[in-house]
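Asks: I have a structure I would like to understand better, so I am pasting it below and will then ask my questions one at a time.
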Amino acid sequence: MRILYYTWFENSQEDMEETLLLLGYEVVKCSIPFQDYENDEMFRQQLSEVVENYGCDCIFSFNFFPIIAQIAQKFQLKYISWVYDNPHWTLYSPSVKSDYNYIFVFDQAQYFRLQELQLSHMYHFPLAVNTRRLCGLLGTPESGVSSGTESMLEVSFVGSLYENNLYDQIQYLPEYLKGYLEGVMRAQQKIYGYNFVEELLTRDVIEQMNAYISMELPKGYLVRKREQYAAMLNGKITCNERIALLECLSQNSALTLYTASDMTKVPNAKAGGTVNYTQEMPKIFRNSKINLNITLRSIQSGIPLRALDIMGAGGFLLSNYQPELAEQFEDGKELALYGSVEELQDKVTYYLSHDRERQEIAYHGFQKVQKLFSYETQVRKMMEFAQV
């Protein structure tokens, strides 16, 4: 079986290619640039030539690309896409309806929403981490064994502050409308495990927003304005939440922030700069006493890739409550979850002073990820679903 792997230089490309080869597939890797998700004749011609010249049997990509779906349908090849962005607007393209598509989405709430489109082959499918590579880089974690707590970072966060979110780019909103939206965002910021932003965007509110906000998608996309506006507000909520939580923690703990974002937003944190996904980031996770995950609010139920990255590296994970994290992992045994600012502060204080317990939780988290969410496990299941 020869798979055409279309890559856009995503962080996971090496892990996916390694796993496909390990499972016995032939891989033709391709990264031809394109100008338009729907229509690009040059791309269409070039990718078609790759399919024909190499005799590819199916196509794979992280995230869904309508133009690739069109090419797969032309050659009657299965197109497997593993979606790890949410929102991912191309899933509302007319091309998503092709029977040759096999679409795997990591967020169950996103999966349920997409069921309205009545797609032939769509699956709720969590993301994965390459524990084989991470153990080769860092060594396999062992129960109760630490690299020396005195030399470890206290609290680390790797990620964006989302300060360039779409909401902050709006030029003007009437005060009454802005007040309503900011009230919705403040309320949602206090709640974990249930997202009600979309419910509070009534028809009247949406009509008012339409007068001041332009969010156009290609013609034929089957997405409602309510979903687009909710995603925009969720981005802003994430920005507010991350800055507030990190600034709060930095007052009492040694917090290191690894980001390309504006560090003046969290002035008491130590700047760690940006880090490479495959080499530097896992070392931070292994060598930090506490690794924070603050989920993008558009991910309403799913397990974020960052959470798996942390546990897969043998790091201790302290995350906001996420329904699927709570379903798959035991709080206090394999990770730690918080549901409020106060609980976050309390758990940071507690776990910084309970080394042995923290180390055991990190070890059990790694074991669970290695068993259920390794690339080898997940990709094998994916290919069984797609029957390739």
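The values are calculated or read from the model by the stated rules, or taken from the named source; none is laboratory data. Fair warning: this is a prediction, and the values are worked out from it, not measured in the lab. Please note: Cβ atoms are built from the backbone with ideal geometry, for glycine as well, and neighbour counts cover all protein chains shown. Note: areas computed on protein heavy atoms with side chains; ligands, DNA, RNA excluded. Shrake-Rupley method; radii C 1.70, N 1.55, O 1.52, S 1.80 Å.
Asks: Can you tell which of LEU222, LEU166 is modelled with pLDDT of 95 or more, open to solvent by 90 Å² or more (accessible area, probe 1.4 Å) and out of contact with any strand residue (DSSP E or B) (no Cβ under 7 Å at 6 or more places or on another chain)?
Replies: On the way: LEU222 fails: modelled with pLDDT of 95 or more.
Testing whether each residue is modelled with pLDDT of 95 or more, open to solvent by 90 Å² or more (accessible area, probe 1.4 Å) and out of contact with any strand residue (DSSP E or B) (no Cβ under 7 Å at 6 or more places or on another chain) leaves just LEU166.
Asks: Identify, from the list PRO33, PRO66, the residue that is more than 25 Å from LEU134 (Cα to Cα) and free of Cβ contacts under 8 Å to residues at least 24 places away in the same chain.
Replies: On the way: PRO66 fails: free of Cβ contacts under 8 Å to residues at least 24 places away in the same chain.
Within the list PRO33, PRO66, the selection yields PRO33.
Asks: For residues that are open to solvent by less than 20 Å² (accessible area, probe 1.4 Å), more than 21 Å from GLU216 (Cα to Cα) and without any contact (Cβ under 8 Å) to a residue 40 or more places away in the chain, tally how many sit in segment 86-104.
Replies: Total meeting the criteria: 3.
Asks: In addition: Kindly establish whether GLN35 is farther than 28 Å from GLN300 by Cβ and at pLDDT 95 or above.
Replies: On the way: farther than 28 Å from GLN300 by Cβ: yes; at pLDDT 95 or above: no.
Answer is no for this residue.
Asks: Kindly indicate which of ASN195, ASN276, ASN240, ASN234 is in contact (Cβ under 8 Å) with a residue 12 or more places away in the chain, open to solvent by 40 Å² or more (accessible area, probe 1.4 Å) and of a type outside the set (Phe, Trp, Tyr).
Replies: ASN240
Asks: Still on this structure, please answer the following. I'd like the full set of residues that are open to solvent by less than 30 Å² (accessible area, probe 1.4 Å) and polar (S, T, N, Q), limited to segment 41-67. Spell out how you get there, then give the answer.
Replies: Of all residues in segment 41-67, those open to solvent by less than 30 Å² (accessible area, probe 1.4 Å) come to 43, 47-48, 50-51, 56, 58-67.
Residues satisfying the conditions are SER48, SER61, ASN63.
Asks: Test each condition in (1) open to solvent by less than 10 Å² (accessible area, probe 1.4 Å); (2) more than 21 Å from the chain's Cα centre (by Cα) for PRO267 and report the one that comes out false.
Replies: Going through (1) open to solvent by less than 10 Å² (accessible area, probe 1.4 Å); (2) more than 21 Å from the chain's Cα centre (by Cα) one by one, PRO267 breaks only (1).
Asks: In this structure, is GLU26 in contact with a Lys or Arg (Cβ under 7 Å, 6 or more places away or on another chain) and either without any contact (Cβ under 8 Å) to a residue 40 or more places away in the chain or over 27 Å from ARG132 (Cα atoms) (or both)? If you could, list the steps in order and put the result at the bottom.
Replies: Values: in contact with a Lys or Arg (Cβ under 7 Å, 6 or more places away or on another chain): yes; either without any contact (Cβ under 8 Å) to a residue 40 or more places away in the chain or over 27 Å from ARG132 (Cα atoms) (or both): yes.
Judged against the criteria, GLU26 is a match.
Asks: Which count do you get for residues in segment 346-369 that are more than 20 Å from ALA326 (Cβ to Cβ) and touching a residue at least 60 places away in the same chain (Cβ under 8 Å)? Quick ask: steps written out before the conclusion?
Replies: So in segment 346-369, the residues more than 20 Å from ALA326 (Cβ to Cβ) come out as 349, 352-356, 359.
Retained after the next criterion (residues that are touching a residue at least 60 places away in the same chain (Cβ under 8 Å)): 349, 352, 355-356, 359.
Going through segment 346-369 one residue at a time, the tally reaches 5.
Asks: Would you say GLN70 is touching a Gly at 6+ places or on another chain (Cβ under 9 Å) and either on the phi < 0 side of the Ramachandran plot or open to solvent by 10 Å² or more (accessible area, probe 1.4 Å) (or both)? Walk me through how you get there before you give the answer.
Replies: Details: touching a Gly at 6+ places or on another chain (Cβ under 9 Å): no; either on the phi < 0 side of the Ramachandran plot or open to solvent by 10 Å² or more (accessible area, probe 1.4 Å) (or both): yes.
Taking the combined requirement at face value, the residue does not satisfy it.
Asks: Check segment 19-27 and report whether any residue there is of a type in the set (S, T, N, Q) and under 24 Å from GLN300 (Cβ atoms). Walk me through how you get there before you give the answer.
Replies: Our first condition is that a residue be of a type in the set (S, T, N, Q); within segment 19-27, this holds for 19.
Narrowing further to those that are under 24 Å from GLN300 (Cβ atoms): none.
There is no residue in segment 19-27 that is of a type in the set (S, T, N, Q) and under 24 Å from GLN300 (Cβ atoms).
Asks: OK, next. Is it fair to say MET209 is under 17 Å from the mean Cα position of the chain (by Cα) and either within 27 Å of TYR194 (Cβ to Cβ) or in contact (Cβ under 8 Å) with a residue 60 or more places away in the chain (or both)? So that I can check it myself, show each step before the final result.
Replies: Working: under 17 Å from the mean Cα position of the chain (by Cα): no; either within 27 Å of TYR194 (Cβ to Cβ) or in contact (Cβ under 8 Å) with a residue 60 or more places away in the chain (or both): yes.
When the stated conditions are applied, MET209 does not pass them.
Asks: Hey, could you check segment 120-134 for residues that are outside any strand (DSSP E or B) and farther than 13 Å from ASP15 by Cα and say which is least open to solvent (accessible area, probe 1.4 Å)?
Replies: Restricting attention to segment 120-134, the residues satisfying the condition of being outside any strand (DSSP E or B) are 120-121, 125-128, 130-134.
Subset that is farther than 13 Å from ASP15 by Cα: 120-121, 125-126.
On the way: SER120: 68, HIS121: 50, PHE125: 6, PRO126: 27 Å².
Only one residue tops the list, namely PHE125.
Asks: Also, quick follow-up: Within segment 1-116, considering only strands (runs of 3 or more DSSP E) that don't extend past its boundaries, which have at least 1 residues that are acidic (Asp, Glu)? Lay out the reasoning, then the answer.
Replies: Numbers: elements: 2-6, 26-30, 58-62, 78-83, 101-105.
By residue number, 26-30.
Asks: Now for a different question. Just for segment 142-162: of the residues that are open to solvent by 20 Å² or more (accessible area, probe 1.4 Å) and modelled with pLDDT of 95 or more, which one is nearest to the chain's Cα centre (by Cα)?
Replies: The selected residue is SER160.
Asks: Evaluate segment 247-263: report whether one residue or more is within 23 Å of ILE191 (Cβ to Cβ) and crowded, with 23+ Cβ neighbours inside 10 Å. If you could, list the steps in order and put the result at the bottom.
Replies: Step one: filter segment 247-263 for residues within 23 Å of ILE191 (Cβ to Cβ), giving 247-249.
Subset that is crowded, with 23+ Cβ neighbours inside 10 Å: 249.
Within segment 247-263, one or more residues are within 23 Å of ILE191 (Cβ to Cβ) and crowded, with 23+ Cβ neighbours inside 10 Å.
Asks: Quick one: which residue in ASN101, ASN63, ASN53 is of a type in the set (S, T, N, Q) and over 25 Å from the mean Cα position of the chain (by Cα)?
Replies: Numbers: ASN101 fails: over 25 Å from the mean Cα position of the chain (by Cα); ASN63 fails: over 25 Å from the mean Cα position of the chain (by Cα).
ASN53 is the lone residue from the list that is of a type in the set (S, T, N, Q) and over 25 Å from the mean Cα position of the chain (by Cα).
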